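Structure record follows, encoded as structure tokens.
What follows is calculated from the coordinates using simple rules that are stated; it is not laboratory data. None of these values were measured; they are calculated from a predicted model. Note that we place each Cβ from the backbone using ideal geometry, even for glycine, and neighbour counts take in every protein chain shown.
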């Protein structure tokens with residue numbers, strides 16, 4: 001691709017689109033595999049029959065199964081810091097700082113948040129079925145989809161003085177305040193668990209993260225809602241992958257068009273060169289004593305042997321004309337549409 005180059009902007013756009021389409025396609029395939037595993041996972045009721053099923057299962061283990069039961073603590077539950085009547089098995093306390101930051105590009109204030117403090121407390125718990133059969137839930141913090149109930153939320157707003165307001169506009173940052181939240185997985189909540197179901201040697205049933213790297217789920221929603229959320233995420237990643245691939249295809253199409261135009265100009269110049277050589281062969285050679293008087297204004301070593309049209313200037317040799325970075329007359333800067341050989345009598 002002699003004389004053709006890709007700009008930095010084009011290279012960045014092409015590389016970004018390829019990278020994004022690859023990442024989005026990977027995430028799409030991953031989420032698609034998760035949805036497929038959810039569709040294939042068997043559903044079981046938490047009852048005494050479940051132990052009998054696991055006893056006849058190789059390894060007393062079901063690699064991926066769906067169960068649903070009520071949350072019950074093993075021992076003393078956790079008590080809410082703000083609602084003494086609220087008890088649970090998981091508790092997350094978070095303190096976030098909210099600021100407004102001035103964006104010079106959009107000339108607007110944008111919201112920014114920073115986690116100042118976060119604490120997670122947990123106690124062992126089980127899922128209880130209709131006949132009081134229990135399944136112990138292991139490693140709950142590793143599970144996806146565990147959206148707990150908000151038991152406390154309060155925003156502590158900051159009061160400003162005149163000096164604070166002036167300082168904020170000068171610094172480009174305004175402190176809005178702090179958001180204090182507490183979330184809990186309450187006792188008695190119906191929980192959908194999807195993971196590896198095993199029968200331990202002591203006869204207890206356990207739900208744990210799958211050993212085959214499948215996604216582990218604990219959700220306060222039902223299975224159908226959970227599956228639909230994963231399906232929506234899968235469609236979202238698919239749409240992003242297609243959009244990124246289309247963007248990359250458009251960049252490649254643009255580069256192809258530019259390269260074609262570059263080749264077209266080369267072909268036209270080559271055709272003009274052949275035509276010029278043919279016409280010059282029909283013109284008698286100029287005497288050597290006229291070379292200095294009619295020297296090319298660019299190289300000063302060869303005679304002026306072409307006329308630039310449409311402006312009509314005779315100022316350079318054909319070799320220097322072909323070396324011009326742009327097809328413009330070096331005298332008047334007009335566009336050159338055609339070149340004809342000239343003979344000085």
Taking the range 59-220 and dividing mean pair separation by its residue count, relative contact order in percent (alpha carbons under 8 Å, at least six apart): 34 percent
Choice from 213, 45, 103 showing the highest fluctuation, given a GNM over the chain with Cα pairs closer than 10 Å: 103
Protection proxy ranking, peptides 87-96, 194-203, average beta carbon neighbours within 10 Å, highest first: 87-96, 194-203
The range 59-220: Cα Rg divided by the 2.2 N^0.38 Å rule of thumb: 1.42
Estimated 222 nm signal from helices in the chain, with DSSP H stretches of n ≥ 4 weighted -39500 (n - 2.57), rounded to 500: -11500 deg cm²/dmol
Euclidean distance of C-alpha centroids, the range 235-284 and the range 96-114, integer Å: 45 Å
Of 128, 74, 101, the one that fluctuates the most in a GNM where the chain has Cα springs shorter than 10 Å: 101
Nearest-0.05 FRET efficiency for residue 111 and residue 250, computed from C-beta distance (R0 41 Å): 0.80
Cα-based helix-to-principal-axis angle, 223-281 vs the chain, degrees rounded to 10: 10 degrees
Highest-fluctuation residue, 163, 248, 193 considered, GNM on the chain with Cα pairs under 10 Å: 163
Angle in degrees between helix 162-171 and the longest Cα principal axis of the chain, rounded to the nearest 10: 50 degrees
q = 0.11, 0.15, 0.22 Å⁻¹, the range 44-146: log10 I(q)/I(0) [Debye, one scatterer per Cα]: -0.57, -0.80, -1.22
Helix axis angle, 8-40 relative to the chain longest principal axis, alpha carbon, degrees: 30 degrees
Cα-based Kirkwood hydrodynamic radius, the chain, one decimal, Å: 28.2 Å
The range 143-262: Cα Rg divided by the 2.2 N^0.38 Å rule of thumb: 1.89
